[in-house]
Amino acid sequence: MRNSLNKLEKQQIISMLTFANAGGALVTTRKGALQSMPTTEEIHKLLETNIRNEDKYKPGVHFSPPSHWMNDPNGLVYYEGEYHLFYQYHPYSNKWGPMHWGHAVSPDLVHWEHRPIALFPDEHGAIFSGCCVVDWNNSSGLFEGSHGLVAIFTHADTCPKTGQPRQRQSLAYSRDKGRTWHKYEGNPVLAEEDLIDFRDPKVFWHPQSERWVMVLVAGDHARFYGSKNLIEWTLTGEFGKGEGSHDGVWECPDLFELPVGDSGRSKWVLIISIGDNPSIPEGSRTQYFIGEFDGNTFINDNWPDHIMWLDYGRDNYAGVTWSDIPEQDGRRVIIGWMSNWKYANETPTGAWRGAMTLPRVLSLTSRDEDVVLTQMPVREVEQLRKTSVSRDNITVMAETPFTLQTNGDLLEIEADIDLRSGNEVQIRLKSSGESETRIGYDAEREWLFMDRSNSGLTDFHSSFACEHGARLAPINGKIKLQIWLDRNAVEIYANEGLVVLTDQIFPEAPIERLEVSANSGQVVLNSFHIHALKSVPFPIGADEVPSRGNDA
Ligand code: FRU
C-alpha cells in the first residue's frame, strides 16, 4: 500500500473491510490452521455469492456502481489499451445529488474494474456530464510535450447575482492514464450568461477544419463551438429549434460520422437525449438526426417533424459514444444509462441504484429511402457464453407452446422465427412465482412489443408497469430476435438491431423458465439458441489510490 490509511476514500475502506470480513468468514468455517487460509479467488467468490443473496437485482453482465447512485455515462474514451467509463455519481446516497464522476476501466468493454472517484465537486459547483478526449498533440499545452487525457464537463452551481442555476464548461486533465486528475486553473473555460440550460459538452477533433469541435445543449437546441486548444472556444453554429422532438429539455448530445453500409457514402449522426416531462408517459428517451456537419453546424437530411428514436424501450438514456477508439478497430460504440428520469430515484434496487446498457456498436443502413441507425452489443460480450442449447425447426401452436427450463438467470437468446400463419408469437420469461416478462410480435400490425406489467416489482412508480413497442417489418415472413436477460433488465434486438427495446425489470424470483407460444395458427422456430452467461466480476481496483489532495 503506497498511500497512508487516512488518505483512503470511505468506499475504499468499506471494500477493504468487506474483503477482510469475507476472508475471516471463510477461516472460521474451516478446520485446521494453514488449510483454512482462503485464496483471493475464494474470497471473491464468497463476496459474489453474498452480494447476490443480499441484492438480487445487482446485474450480472451490465455495469453498475459499487454502491450508491449512478446516472449518465461520461468521459468515454479509449487510451493506451484501456476503455474508460466515467459516470454521474452520488457517492453518499442512492438518490441523485451533488454530482461526482465515478470511474471504471476495462480492457474489453465487458470486464470493468472500479476505480476511485475521478472528479469531486469544487468551488465552481457539481460535476455534471461531459466527455474525455486524448490530446495527442498537446494542443492544450497541459502535457509538457507528451499527450494525455482531457475531460470537458459542465460545472453546475448557482449564480450569486441572480440566484438562478448556472452551468459552465470546465476542464480537468490527467497525465497518468486517468489515475489522477487535476482541474484546469482557468476554469470555467466556456460560459454563456443568458443560458440557464447549457450543458453536457461532447468534443472531437475535426481534421478538415483542424480544430476541436464541441457540441453541447442549451434547452431547446444544440450549439457548436470550435477551438484550437480546448481552452478558448468560439460559437460556430446552432441546430434544433423546431426540429425533432421537444417533449423535454435537450440533454447529452453526441455527433459523429459513420459509413452508410457498404455504399461508400457517409453521414453524420446527431444524438440528443430528451428529459422527462410529466405529461409524456415514455419519460426520458433518446432521439437521433441524420445529416451533414460542415465544420460549423449540423444540417438535417430529414424534415423537421421527422423523429427517430434510438431505442423503443423505457430504459436507455443519455447514451454517448467512446472517443479515440483506434482507426484499425473503427467501431463507434455507445453505452446508455439504463433507467428513466420518470422513476430512476424510485427503482427497488437497494444500496446501489443505476446500471448501464450493454455497450453497442452503431452502424448506418439504408431503409426505404431513409438512412437509419442499427445497434448490436459489442462482439466482446460473446465471451460470457457459458453453456448453450440449440434447437432447430420447432413448430409452435396455441395448444403446443415450446418451453425450456433455463440454466441460470443470465441469458442470451437468439430466435429465428418464421411467422407462417401465426398471428402473434410470444416469448415469456417466467419466474418461479407469478411474475413473467412478455416479449411479443403481432404479425398483423407488424408490431414488436414488450410487456413488463406483470414482471415482478412494479408498484414503486405508477408508470413502470406497461406494455410498449415499435413497428418492425418482417423479412420474407421472418423476424430475428436477440435478447439479453440480466437480473434487472432485458435488452431486445430485432432484425440485426434495426429495432431495439431496453427495459428494466425486477422479477420477484429469478427467471427460470422460458415459454414460446402462438396465439393462433402456427409459427416455426427455424432456430433457437439459448446461452447461459457467466456473471462478470466487477472488482474494486486496490492500488494507485489517488487522494483528494490531487484534485486541485
Ligand atoms: C442527463 C442529465 C444531464 C446532466 C446530468 C446531471 O441525465 O440531466 O443533462 O448533466 O444528468 O446529473
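The values are calculated or read from the model by the stated rules, or taken from the named source; none is laboratory data. Everything numeric here is computed off the predicted structure, so don't read it as measured data. Virtual Cβ from ideal backbone geometry, glycine too; neighbours counted across all protein chains shown.
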In segment 144-178, which residues are farther than 19 Å from residue 201 by Cβ and among the acidic types (Asp, Glu)? 144, 176
Among the residues that make up segment 391-411, is at least one of them part of a loop (DSSP other than H, G, I, E, B), surrounded by fewer than 16 Cβ atoms within 10 Å (Cβ to Cβ) and small (Gly, Ala, Ser)? yes
Hey, any hits in segment 364-373 for a residue that's surrounded by fewer than 21 Cβ atoms within 10 Å (Cβ to Cβ), polar (S, T, N, Q), away from the ligand (no atom under 16 Å from the Cβ) and modelled with pLDDT of 95 or more? yes
Checklist (1) in a loop (DSSP other than H, G, I, E, B); (2) in contact with a strand residue (DSSP E or B) (Cβ under 9 Å, 6 or more places away or on another chain) applied to residue 525, failing item: (1)
Could you count how many residues in segment 115-158 are under 16 Å from residue 104 (Cα atoms) and within 16 Å of the ligand (Cβ to nearest atom)? 9
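Return yes when residue 418 is surrounded by 14 or more Cβ atoms within 10 Å (Cβ to Cβ), more than 26 Å from the chain's Cα centre (by Cα) and over 18 Å from residue 312 (Cβ atoms) and no when it is not.
Yes, satisfied.
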Mind listing just one residue for me: the one in segment 298-350 that is among the hydroxyl-bearing types (Ser, Thr, Tyr) and over 23 Å from residue 60 (Cβ atoms) and, of those, farthest from the ligand (Cβ to nearest atom)? 312
So which residues in segment 79-114 are within 15 Å of the ligand (Cβ to nearest atom) and in contact (Cβ under 8 Å) with a residue 40 or more places away in the chain, if there are any at all? 86, 87, 88, 91, 94, 95, 96, 99, 101
Scan segment 368-420 residue by residue and report those that are touching a Phe, Trp or Tyr at 6+ places or on another chain (Cβ under 8 Å) and over 19 Å from residue 499 (Cα atoms). 381, 390, 391, 392, 394, 396, 402, 411
Inside segment 382-410, can you point out the residues that are free of Cβ contacts under 8 Å to residues at least 60 places away in the same chain and under 31 Å from the mean Cα position of the chain (by Cα)? 382
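When you look at residue 220, is it more than 30 Å from residue 136 (Cα to Cα), touching a Lys or Arg at 6+ places or on another chain (Cβ under 6 Å) and either within 16 Å of the ligand (Cβ to nearest atom) or of a type in the set (Ser, Thr, Tyr) (or both), yes or no?
Answer is yes for this residue.
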Within segment 159-207, can you find the residues that are among the polar types (S, T, N, Q) and either closer than 29 Å to residue 258 by Cβ or within 13 Å of the ligand (Cβ to nearest atom) (or both)? 167, 169, 170, 174
Scan of segment 254-270 for residues that are under 26 Å from residue 71 (Cα atoms) and either in contact (Cβ under 8 Å) with a residue 60 or more places away in the chain or in a loop (DSSP other than H, G, I, E, B) (or both), ordered by number: 254, 256, 269
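Is one or more of the residues making up segment 322-330 assigned to a strand (DSSP E or B) and within 27 Å of residue 464 (Cβ to Cβ)?
No; the residues of segment 322-330 include none that is assigned to a strand (DSSP E or B) and within 27 Å of residue 464 (Cβ to Cβ).
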From the options 250, 233, 212, residue that is at pLDDT 95 or above, under 30 Å from residue 330 (Cα atoms) and within 16 Å of the ligand (Cβ to nearest atom): 250
Looking only at residues in segment 22-81 that are modelled with pLDDT of 55 or more and among the basic types (Lys, Arg), which one is surrounded by the fewest Cβ atoms within 10 Å (Cβ to Cβ)? 56
With the requirement that a residue be closer than 24 Å to residue 361 by Cβ and over 24 Å from the mean Cα position of the chain (by Cα), what does segment 237-259 give you? none
When segment 452-478 is examined, which residues are found to be under 22 Å from the mean Cα position of the chain (by Cα) and either of a type in the set (Lys, Arg) or under 23 Å from residue 418 (Cβ atoms) (or both)? 452, 469, 470
Quickly run through segment 198-227 and pick out the residues that are touching a residue at least 24 places away in the same chain (Cβ under 8 Å), acidic (Asp, Glu) and assigned to a loop (DSSP other than H, G, I, E, B). 220
